[in-house]
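Worksheet for the structure shown next.
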Amino acid sequence: MIKKRMLVKIVPAITARSILRKVFISVVFIQWPNYKKIRHLYRAKQLEMKLSAHSRVIAGLGSNLGDRFAALARALDMIREEAGEVIASSSVWESEPWGFDADDQFLNMVVVIETAKQPRQLMQLFRSIEGRMGRRRSGGGRYESRIIDLDILLWEDRVISTPNLEIPHTKIADRRFVLEPLHEVAPDAVHPVTGLTVSDMLQMCEDSSDVRLAASQF
């Protein structure tokens, strides 16, 4: 009798599982085209979210001490390794020091970086790269010669103003050595505060500094 009661309990359970399995298979089979479509849309959305987490940032690089060209090359390598993909880069331009007197001319260039970092993180990374390359700041906010200088110029349409970070860079429109290479990679980029394009700013720039293409190029 015990065995019979156990059988009575087990059989309905097996039957119920079998029915559920058949129903599940039927639903999946009938809905298979929709299932594949939903799965495709889900994966596309995942990719879109992943891409949207990245920003395109325009940064400036400069050097007027030591082997200037080698300094730019090393900084570029470190940016690629630690910040993100460099999707565009300008020519290398040579210019006289801006805002202070020095015998050594600057080499400058502009790059477009696709990065997953946030503005403060990227700025901290830039300062870290400068330090590892041997730059020492004297303090006081004075312009001075440096082995490497890394600045965030534009971050899409974002405007950030903190004691340690200003985006867009406050001196873009005043510096020809920034505008010339910037115009090469992003002539139609718009300054989110003034509404001017890079082409507009270059045309209106009153900086008469000597800015020319450097003899060596990447």
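Bear in mind that the values in this text are calculations on the coordinates, not laboratory data. Small disclaimer: the values here were computed from a predicted structure and weren't measured. For neighbour counting, all protein chains shown are included, and Cβ atoms are generated from backbone atoms with ideal geometry for every residue, glycine included.
Observations on the structure shown:
- Karplus-based coupling profile of the range 109-126, in residue order and whole Hz: 7, 10, 10, 10, 10, 9, 9, 9, 7, 8, x, 5, 5, 5, 5, 4, 5, 4, with θ = phi - 60° in 6.51 cos²θ - 1.76 cosθ + 1.60 and x standing for Gly or Pro.
- Fraction in percent of alpha-carbon pairs per bin - 10 Å, the range 54-213: 11, 43, 39, 8, 0
- Between the range 156-218 and the range 76-155, the alpha-carbon centres lie 14 Å apart.
- Residue list for the range 163-187, given a label point 7 angstrom along the Cα-to-Cβ vector of LEU196 and an amide N cut-off under 12 Å: 171-176, 179
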